[in-house]
Each structure stands twice: as C-alpha cells, then as structure tokens.
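Written out below as structure tokens is the structure these notes cover.
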Amino acid sequence: MSPGKFDVKVGQHMTGQAINTYLKAFAKESGISDSIHLNTKVVSAEHQETKDGGWILTLATPGPNATKKVFAKRLILATGLTSEPFLPHFEGQEVFGGRIFHGKHFQQNSDTLKTAKAVTVFGATKFAWDAAYAYATAGVKVNWVIRSTGHGPCWMAPPYVTPLKRWIEGLANTRLLTWFSPCIWGDADGYSGIRNFYHGTAIGRAIVDTFWKILGGDVMTLNKYDSHPDTAKLKPWTEAMFTGASFSILNYETDILELVKGDKIDVHVGEVDHLSPGKVHLADGTEFESDVFIANTGWKHVPPIKFLPEGIEKELGIPHRWADGASTEDLANQPDLIKRADEEILRRFPRLERQPVWNKNYVPLTEQKGIDSKDEVTPCAPLTPYMLYHFLVPASPRFLRSRDIAFTGMISNFSNAVAAHMAGLWISAYFQGKLAIDPAAAVDDKAALKKLQYDTVLLNRWGKWRYPTDWGNKNPNFVFDAVPYLDLLQRDLGLNPHRKKGWLAEMTEAYLAPDYQDINDEWMRKNK
C-alpha cells in the first residue's frame, strides 16, 4: 500500500476508505473479484463423512432463488470476532423515540451527526471513544455513560510513548521488549534463556513488574487524566500488563480530552436504569435528554453459521457450552487437560498467579438491572474458549485427516494484518500437506496426538491467565506476544523467523509488515 497509489501517508494512520480501496484493488489484481459472492450469507456448513471430506454449504442469497447449496472441498472460516454485534434490550427502549444502534452501525447512522441535538454513548471501548469524538466535534452534546460495574475505560495511548518517544505499535513488536511478557509460546523465538530469567526468577519478575509499571505510568502521565475531574473518569481500571488488544491509540485530529474538559462531553460512571421518551435515566437518579443511544455492548464471537452434523462444533474447537463428562473429542471440556495446563502455566510464570482485580463490583452486562437479552450467544454467555491448534485448525483426528477446514481472524493483537498474511500462508501449506511441522502427522500416532492436543489446550488456556480483563478467556488476545507467535508459524513453515540484519537489529528494531513482505516467495522457493 504505497502513498503514490493509495490515499495514505507515511507515519499516519490509514483511513477505512483507503483500506477498502486497497482491498478492492488487491482482489482485482489477484483475479478473485469474480469469485466473491456479495450479499450472500452462509446459513449452514455440513461436513461430508467421506475419505476426502469437504462441506455442503447452504447459502442465503438475494433474488427469487432464496437459497442454494454448493460443495466446498475446503472451508476457511474468516468471519472474525467483530462481525456480529451484540445489542441487548434496554428497559423502556420501545418508548424512547430516538435511534438505538450498536457502534458497528455508526456509519449507517452517520446522518445523526447533523440531525441530533444530544446523544448518549454507552460503553468505554475504542468504538465509544470514536463516537464521542465524532459527535462532539460535530457540535452535538454527548453524555458518555460508563458502567460502574463493568470493565471500565479501555487503555488509550498517544501514538508515541516512553521518554524515547517510540511508536507504540512498533514497541509491542520489538523482540527485546516481547521478553517482558510471560508468553506460553515465547520459546519459539529461540531465546528461552532470557525468558526463563525474566519469568522464572524473583529478580527477573521484579524487572518485569517495573517495565509494565513504567509503560502504564508513562501513558497515564502523557494523557494527563488527573488534570480534570471528568478526564479522571476515563483512566483505565485494568493494569497495563494484563491488558490485551483493547489497548488502543489516540488517533484523533484534535485532543478528545479537551472536549471532555469543556462542555461538549459529560462523562457519567454509573448504570443505565431505563429509557423514557427522549430521555436516559441512570440508577443514581441522573437523567438527560437524548435523541440517539449508541450502544458499544460487545460482539457475538462465535461464527454465525450452523455446523452439521449436530454437535460437530465440539470437535471443531469453536465456543460451545461447558459440560461435565464430555467425550475426549471435546478438548475444551477436558478437566484433566485444563488442570494440567493451569499447573504448567503457573509453574513457568508464577507472576500470573497474582491476578488483578479490576472491579470488585463487576456484574455481567446482561445481569444488570434494566438490561437483558434472549440471545443464545452473548459476550457474557458461559461458553468454552476457542480451542484450535496454533489458533488455526481443529486438533481433532477427524479434521486433521481430511484437512478440509481452517480458521483465521480468531485472534486479536497489534499485528493483525501481518498475522492474517502469515495465517493465510500457513493454511495454504497445511491444506497441501507441506508444513515442515505438520499437525496432521500426529493422526496415526497415539502419543504424538496426545501431545498435540495437550499443547492445543495449553496455548488456548494461557489467555485466561495472561489477559483475564480482556478476552483472553474467549479467544487468543495478545499484544507483546505477536512476534513470537509469528515466529511459531514460521517454524511450522520451515522458515527462519530471525529476519533482521545482525543481532542488534534483531533485538531493537520493530518487526513490521516490510519484514514479511517476501515471505510467500521465500516459502515457495523452499518448497519447489
């Protein structure tokens, strides 16, 4: 994506329009435009229990023929984690009279920037910050409600942090600094000795704690939260060390915190009790007028597709209900493996045993008075986490043997674009049986399969301990652990993950997209 060809500038954040334009150009140049079926929903996917496997997909399409079936030899689920918004029911919404919509649909309701006089922004995610800024700069009064019984405001940082003014996205992808994160797959980077020192010794753990305190403290200082009573309400409640991909960037043209200090944005830390005609009422008796209620209430992180035969989701490794006495194919419901994984995680990383308490009064959103939902899948539903080998494929012999399904986009990190690129190459190699470290090779080896399945549980269970205040208990969610994850995939591909020129550069220079731009060609040369 070069500045000469697309509307992007070096050192500046890319706009959604620029990314959309790039994706369209890529699809056209790579010859896949005609293979894309727009306005089409996959209703169900039925696995074929034959030697070669495959899937029968039921598609819902516009037009007179509402549904049709197609056969897919292989299926890649790339529905992601933020495709289907979760919007609960708010007491009184039927008489509210104004618009109520999820943050995902802000663009479809952008006319309210001109028509609304007052809006309520509910939630404190990056979506909420963006909405509050957009309305305030459009001259609309904003009442920003943050649940006192919720997760609190997300971490927001300037693009450049630390006394050295390092780009924060580069900081998280600098190998030297990734060592400060207790990462279960960290040894894939080849530096197990230094990692063992930092996380396996008391002195090392003290250094690690100091690093995270400095990083978090620097962000707090740069944002000057305590300079005003209202900006103080936006201080994150979670510790920097335990914060995952909800960590975001202040990428606004003007200072949003100045809008909070002024009269454009009022911040309320409390509970929405109910809505009435043209008004929002909080549990403490506060009420204010509102034409719009924009709810940043999370996502349904389970793929919105019915998998068949019934119960197959347990083997696929996608979230489903917790259950006692589950069959061995249901990895996520194996208490012996979970207990063993917990013991190994805490043995290797004792610091994770001291879990943060971000809100002792926490109440799940759907259990709060005035808010409810009848949806089967919600951010609060008691579901198992994703349980995929290296976060990409099921660890079930049934699917390893047929090599006919993979998942991508089920992780969240600061390197999503690079991780997606690497995952695409990994999946292609897996489908062809050309991975140097191939999980399917364990299918007919009982001991190897047992180890592969334990390793799968171990990596997926780690998130519960490492990022408990984010989505670590639901899906792989990490920040300073992206580089070793890319190392892990490269080793699977038979490639050398150390791509810098010299040991000093390897330690101190950030791993960014240009470091991986030739990786497809490199792998193809190796596998001629």
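The values are calculated or read from the model by the stated rules, or taken from the named source; none is laboratory data. If you're wondering where the values come from, they're calculated on a predicted model, not measured in any experiment. Every residue, glycine as well, gets a Cβ built from its backbone with ideal geometry; the counts of neighbours run over all protein chains shown. Ligands, DNA and RNA are stripped out before the accessible areas are found, and what is left, the full protein with its side chains, is counted by its heavy atoms. Shrake-Rupley method; radii C 1.70, N 1.55, O 1.52, S 1.80 Å.
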Problem - Relative contact order (%) - criterion: Cα under 8 Å, at least six apart; region: the chain - result: 21 percent
Handout entry: C-alpha center-to-center spacing [region 386-437, region 35-53] in angstrom
Key = 18 Å
Fill in the blank from the handout: Rounded to whole Å, √(5λ) for the Cα gyration tensor eigenvalues of region 295-395, largest first, gives 25, 24, 12
Completion exercise
As straight-line cross-link partners of Lys41, the qualifying aspartates and glutamates (C-alpha separation under 18 Å, not fewer than 8 residues apart within one chain) are Glu84
Practice task
Over all directions, average the projected area of the Cα convex hull of region 457-506 and note it in nm².
Solution key: 4.4 nm²
Exercise for the section: Counting other Cβ atoms within 10 Å, keep those with at most 12, restrict to DSSP loop, and tell me which trypsin sites (Lys or Arg not before Pro) in region 458-523 are left. Expected result: Lys501
Exercise for the section: Report the extension gain between Thr201 and Thr61 in nm, rounded to one decimal, defined as 0.36 nm multiplied by the number of residues separating them, less their alpha carbon distance. Expected result: 44.5 nm
Exercise for the section: Work out from phi, with θ = phi - 60° and the Karplus expression 6.51 cos²θ - 1.76 cosθ + 1.60, the ³J(HN,Hα) of each residue of region 395-405, listed in order in whole Hz, and give x for Gly and Pro. Expected result: 9, 9, x, 4, 9, 5, 5, 8, 6, 10, 8
Fill in the blank from the handout: Of every hundred units of 1.4 Å-probe accessible area on region 352-437, the number belonging to carbon and sulfur atoms, as a percent, is 52 percent
Handout entry: Inter-site label distance for Ala436 and Met507 at 7 Å from Cα along Cβ, in nm
Key = 2.5 nm
Handout entry: Answer label for percent of Cα pairs over 31 Å apart (calculated), chosen among (i) 54; (ii) 51; (iii) 44
Key = (ii)
Problem - Over region 346-439: Kirkwood hydrodynamic radius from C-alpha pairwise inverse distances, Å - result: 17.1 Å
Handout entry: Theoretical gain in end-to-end length, Ile32 to Ser83 [0.36 nm per residue, Cα-Cα removed]
Key = 16.2 nm
Problem - More than 22 angstrom apart: percent of Cα pairs within region 3-85 - result: 49 percent
Handout entry: Solution diffusion estimate, µm²/s, Stokes-Einstein, region 51-190, Kirkwood Rh from C-alpha pairs, 10 °C, viscosity 1.306 mPa s
Key = 78 µm²/s
Fill in the blank from the handout: For the chain, the per residue accessible area (1.4 Å probe, Å²) is 47 Å²
Completion exercise
Log entry: pair-distance distribution for region 225-353, C-alpha pairs binned every 5 Å from zero, whole % per bin is 2, 7, 9, 11, 13, 12, 11, 10, 11, 10, 4, 1
Completion exercise
Once the mean of 1/r over all distinct C-alpha pairs in region 387-432 is inverted, the Kirkwood radius in Å reads 11.0 Å
Exercise for the section: Might you report the magnitude of the Cβ-based charge dipole of the chain about its Cα centre, with Lys and Arg at +1 and Asp and Glu at -1, to the nearest 20 debye? Expected result: 1020 debye
Practice task
Grab the alpha carbons of region 115-183, take their convex hull, and tell me the volume per residue in Å³.
Solution key: 136 Å³
Practice task
Sort out for me the Cα centre separation of region 175-212 from region 448-495, rounded to whole Å.
Solution key: 16 Å
Practice task
Counting only GluC sites (Glu not before Pro) that are in a DSSP loop and have at most 13 other C-beta atoms within 10 Å, tell me the longest site-free stretch of the chain.
Solution key: 50-252
Exercise for the section: May I ask for log10 I(q)/I(0) of region 407-453 at q = 0.14, 0.23 Å⁻¹, from a Debye sum over the Cα atoms as equal point scatterers with solvent left out? Expected result: -0.45, -0.86
Problem - Pairwise centroid distance, computed over Cα atoms, of region 85-150 with region 258-319, Å - result: 9 Å
Handout entry: Mean residue ellipticity (222 nm) of the chain, computed from DSSP H runs ≥ 4 via -39,500 (n - 2.57), nearest 500
Key = -9500 deg cm²/dmol
Exercise for the section: Under 30 Å between C-alpha atoms is the cut-off here; go through region 222-335 and count lysine pairs that meet it, provided they're at least eight residues apart or on different chains. Expected result: 17
Exercise for the section: For region 86-189, compute the number of Lys pairs whose alpha carbons are separated by less than 30 Å, excluding pairs fewer than 8 positions apart on the same chain. Expected result: 10
Exercise for the section: For an R0 of 41 angstrom, estimate the FRET efficiency from the Cβ-Cβ distance between Asp444 and Ala417 and round to the nearest 0.05. Expected result: 0.65
Exercise for the section: Working from the alpha-carbon coordinates of region 70-111, get Rg over Rh, Rh being the Kirkwood radius. Expected result: 1.21
Handout entry: Candidates per trypsin sites (Lys or Arg not before Pro) in region 55-86, loop by DSSP, up to 16 other Cβ within 10 Å
Key = Lys73, Arg74
Completion exercise
With the convex hull built on the alpha-carbon atoms of region 110-268, volume per residue in Å³ sits at 133 Å³
Exercise for the section: Among Gly139, Phe197, Thr67, pick out the residue whose Cα is farthest towards the positive end of the charge dipole of region 67-218, where Lys and Arg carry +1 and Asp and Glu carry -1 on C-beta, about the Cα centre. Expected result: Thr67
Exercise for the section: Could you tell me what percent of the accessible area of region 35-157 is made up of carbon and sulfur, with a 1.4 Å probe and every protein chain present? Expected result: 55 percent
Practice task
Kindly provide the trypsin sites (Lys or Arg not before Pro) of region 253-319 that DSSP labels as loop, not H, G, I, E or B, and whose Cβ sees at most 15 other Cβ atoms within 10 Å.
Solution key: none
